[in-house]
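J.: Submitted below is the structure of interest, expressed as structure tokens.
Every read-out reported here was derived from the displayed coordinates using simple, explicitly stated rules and does not represent laboratory data. Given the structure is predicted, the values throughout are model-derived calculations rather than measurements. Backbone-built Cβ (ideal geometry, glycine too); neighbour counts: all protein chains shown.
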Amino acid sequence: MADDTKIQDHSDVSYKVLQTVEEFVEEIGSRGCTSHFEAVLNDDKLFKGNKLEQKPEAFTERYLIFKLIQRLDNTIRTRPVQYAPKWKHGRGIPDFCLTTVPIEAAKQKDLRLFGESKTPNKIEYARTQVKEYLEKDLDFHAVTVLSDGFEWELWVRPLGESPRLAYYTDLQPVFREVKSLNLENESYSPHDVRDMIDEDVFEQFTGPAVMETVRTEFGIQL
């Protein structure tokens, strides 16, 4: 009973984040990739498809990034085509858009909510691509989510202005503890690990918080 009480001391957001991280680590273990993941986590190596038996970006999206975004009360559409007016030629397809605000409603308000997802240790690629998108078209307000699974960022860009990093957190310390699930000789305490999650930041990635960001940053009522 004491342990049940302790669990309730933590927010629902922290629980959802930890649950997703644990499931991701367990999936890695089920594929026999624990040693490979150790190198990714501790030595800045990159995921390899021949180790995962799947393309690394698709694996990270399905089992970590998209799962967590949706678990935080968002809905998404992957690879939305011509999502913004001037993204019609060349690279015009972000990895996902948030349909937490329905696409047509967002367009009517000159608003776009989208993101880039990369494999661990490739967050710089996401930043570069989002910058390219936003420089192509200044004619809308934007909320963007960037993640490589480890690092999580939420950016805001008012119409016609420069983008600004609003929230950032890094889950690598959490992964370093949770990987113990795949190692028989290491102990693991979910209660202690939940304390390592920056719940105040992840709260800003929830659907209701995204809607509030749209209201406070852009003055848009939805």
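J.: If you put +1 on each Lys and Arg Cβ and -1 on each Asp and Glu Cβ, how big is the dipole of the range 2-218 around its Cα centre, in Debye rounded to 20?
T.: About 1300 debye.
J.: On full extension of the chain, what length is gained from D44 through K88, given 0.36 nm per residue of separation minus the C-alpha to C-alpha distance?
T.: Value of the extension gain: 12.3 nm.
J.: Nearest 10 degrees is fine. How inclined is helix 207-218 to the longest principal axis of the chain, computing both from alpha carbons?
T.: Long axis of 207-218 versus the principal axis of the chain: about 40 degrees.
J.: Label points 7 Å out from Cα along the Cβ direction at A166 and D110: separation in nm?
T.: Going by the 7 Å Cα→Cβ label model, 1.8 nm.
J.: Return T128, T75, T119 ranked ascending by Cβ neighbour count within 10 Å, so the fewest neighbours appear first.
T.: The most exposed by this proxy come first: T128, T75, T119.
J.: Quick one: length gained pulling Q70 to L222 fully straight, 0.36 nm per residue minus the C-alpha distance?
T.: 52.7 nm
J.: So how tilted is helix 12-30 from the main axis of the chain? Cα-based, degrees 0 to 90, rounded to 10.
T.: Approximately 60 degrees, to the nearest 10.
J.: With unit charges on the beta carbons (Lys and Arg positive, Asp and Glu negative) and the dipole taken about the Cα centre of the chain, which residue among S30, T20, C97 sits farthest to the positive side?
T.: The residue sitting farthest along the positive end of the dipole is C97.
J.: Moving on. Putting +1 on Lys and Arg Cβ atoms and -1 on Asp and Glu Cβ atoms, find which of T169, S11, P158 reaches farthest to the positive end of the dipole of the chain.
T.: The one lying farthest along the dipole's positive direction is P158.
J.: Still on this structure, please answer the following. Return the lysines within reach of K67: Cα separation strictly under 28 angstrom, same-chain partners fewer than 8 residues apart disregarded; answer none if there are no such residues.
T.: K6, K16, K45, K48, K51, K55, K107, K109, K118, K122, K131, K179
J.: Separate question: Within 10 Å, count the other beta carbons around each residue, average over each peptide in 181-194, 28-41, and list them highest first.
T.: 28-41, 181-194
J.: Related question: Pairing the Cα long axis of helix 34-43 with the longest principal axis of the chain, what angle in degrees results, from 0 to 90 and rounded to the nearest 10?
T.: 60 degrees
J.: Report the residues of the range 109-130 in range of a label on A58: point 7 Å along Cα→C-beta, backbone N strictly under 18 Å from it.
T.: 117-120
J.: At what distance in angstrom do the alpha carbon centres of the range 101-129 and the range 17-68 lie from each other?
T.: 22 Å
J.: Continuing with the same structure: When the Karplus curve 6.51 cos²θ - 1.76 cosθ + 1.60 is applied with θ = phi - 60°, which whole-Hz ³J(HN,Hα) does each residue of the range 59-68 get, with x for Gly and Pro?
T.: Per residue, the Karplus-derived 3J(HN,Hα) values read 5, 5, 5, 5, 9, 9, 5, 5, 4, 5 Hz.
J.: Estimate the FRET efficiency between R77 and N185 by the formula 1/(1 + (r/R0)^6), using the beta-carbon distance for r and 30 Å for R0, to the nearest 0.05.
T.: FRET efficiency, R77 to N185: 0.10.
J.: If you place +1 on the Cβ of every Lys and Arg and -1 on the Cβ of every Asp and Glu, how big does the dipole about the Cα centre of the range 157-215 come out, in debye to the nearest 20?
T.: 360 debye
J.: Would the chain count as rounded, prolate or oblate if I go by the C-alpha gyration tensor, calling it rounded below 1.5 in a/c and otherwise prolate when a/b exceeds b/c, oblate otherwise?
T.: oblate
J.: To check you understand DSSP bridge types, tell me what percent of the beta bridges within the range 2-218 (both residues inside) are antiparallel, rounded to 5.
T.: If I count the DSSP bridges inside the range 2-218, around 70 percent turn out antiparallel.
J.: With +1 on each Lys and Arg Cβ and -1 on each Asp and Glu Cβ, how big is the dipole of the range 114-222 about its Cα centre, in debye rounded to the nearest 20?
T.: Rounded to the nearest 20 debye, it is 320 debye.
J.: Hey, with R₀ at 25 Å, roughly what FRET efficiency would E27 and E124 work out to, going by the Cβ-Cβ distance, to 0.05?
T.: Working from the Cβ atoms, E equals 0.50.
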